[in-house]
1. Which cross-chain or sequence-distant (5 or more) residues have an amide H under 5 Å from the amide H of Lys149, H modelled 1.01 Å from N in plane?
2. What lysines could a cross-link reach from Lys6, if we take a straight Cα to Cα line under 29 Å and drop same-chain neighbours fewer than 8 places away?
3. Residues of the chain: accessible area per residue at 1.4 Å, in Å²?
4. Helix-derived [θ] at 222 nm for the chain: sum -39500 (n - 2.57) over DSSP H runs of at least 4, divide by residue count, nearest 500?
5. Can you list which of the chymotrypsin sites (Phe, Trp or Tyr not before Pro) found in the range 111-205 are DSSP loop residues with at most 12 other C-beta atoms within 10 Å?
6. Taking amide H positions as placed in the peptide plane 1.01 Å from N, state which residues far from Ile56 in sequence (5 or more) or on other chains have amide H under 5 Å from it.
7. Sequence-distant or interchain residues sharing an amide H contact under 5 Å with Ala133, placed H: which?
8. Test of the criteria: in the range 1-105, which GluC sites (Glu not before Pro) are in a DSSP loop and have at most 16 other Cβ atoms within 10 angstrom of their Cβ?
Amino acid sequence: MQLQGKSAVVTGAASGIGAAIARAFSREGAKVCIADIDSAGARRVAAEIGGGAIAIRMDVTNQAEVEKGVEETARTLGGVDVLVSNAGVQHLDTIADVSFENWRRILAIHLDGGFLTARACLRRMIGQGRGGAIILMGSVHSKEASVQKGPYVVAKHGLLGLARVLAKEGAAHGVRANTICPGFVRTPLVERQIPVLANELGISE
């Protein structure tokens, strides 16, 4: 029960890594906000977790939705102690072929989303005066590059810089910031990529 008495916001928590983190936090005693643009999926995960978990529809690229969601979480769960900024998407294309629309979409979800959620939660944590933790979901692509993943690689590299600034600015208020950089995890996002990549490379899934 390491998180007993803590309240956490987890974005992109309707499935995959986000849902697994939300379940783990709940098992450790936290009250969890399942935040996702997929409101039905968020409600399913919250109902499964129980224990005071709440579901909020949140488009992390929408400033008003982010601020409203964090405010509602704080009001309902008694504050915000932890943020896991996990919402993300993928798009496979070369730099030569990727559209500006897809470039901007990927960066907005990862970078704008990371910024907006971190800013809203940091402000809340500073106001509460009890510290907190901000976790940005990076990737092995925060450290390495892969072909056909240009916008994703750039966005994940950017999250490292954001976390470093948050760590320095949050330190005086007892707020820690870190980036987690996993490799391949079998999530719905990755499973959708497998047949595409296998076909392009001429190998089995």
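The values are calculated or read from the model by the stated rules, or taken from the named source; none is laboratory data. All of these numbers come straight from a predicted model, not from anything done at the bench. Here Cβ is always computed from backbone atoms with ideal geometry, including for glycine, and neighbour counts include all displayed protein chains. Side chains are part of the model used for accessible areas, which takes the heavy atoms of the whole protein and leaves out ligands, DNA and RNA. Shrake-Rupley method; radii C 1.70, N 1.55, O 1.52, S 1.80 Å.
1. Asp93
2. Once the sequence-local lysines are set aside, what remains near Lys6 is Lys31, Lys68, Lys156, Lys168.
3. Values: 10250 Å² over 205 residues.
With all protein chains present, the chain gives 50 Å² per residue.
4. Numbers: 7 runs with 97 residues, N = 205.
Only helices count here, giving -15000 deg cm²/dmol.
5. Numbers: sites: Phe115, Tyr152, Phe184; in loops: Phe184.
Hits after loop and neighbour filter: Phe184.
6. Those qualifying (amide H under 5 Å, at least 5 residues apart or on another chain) are Ile34, Ala35, Asp36.
7. Val82, Leu83, Arg176
8. Details: sites: Glu28, Glu48, Glu65, Glu67, Glu71, Glu72, Glu101; in loops: Glu28.
Here the GluC sites (Glu not before Pro) that fit, given the DSSP loop and packing criteria, are Glu28.
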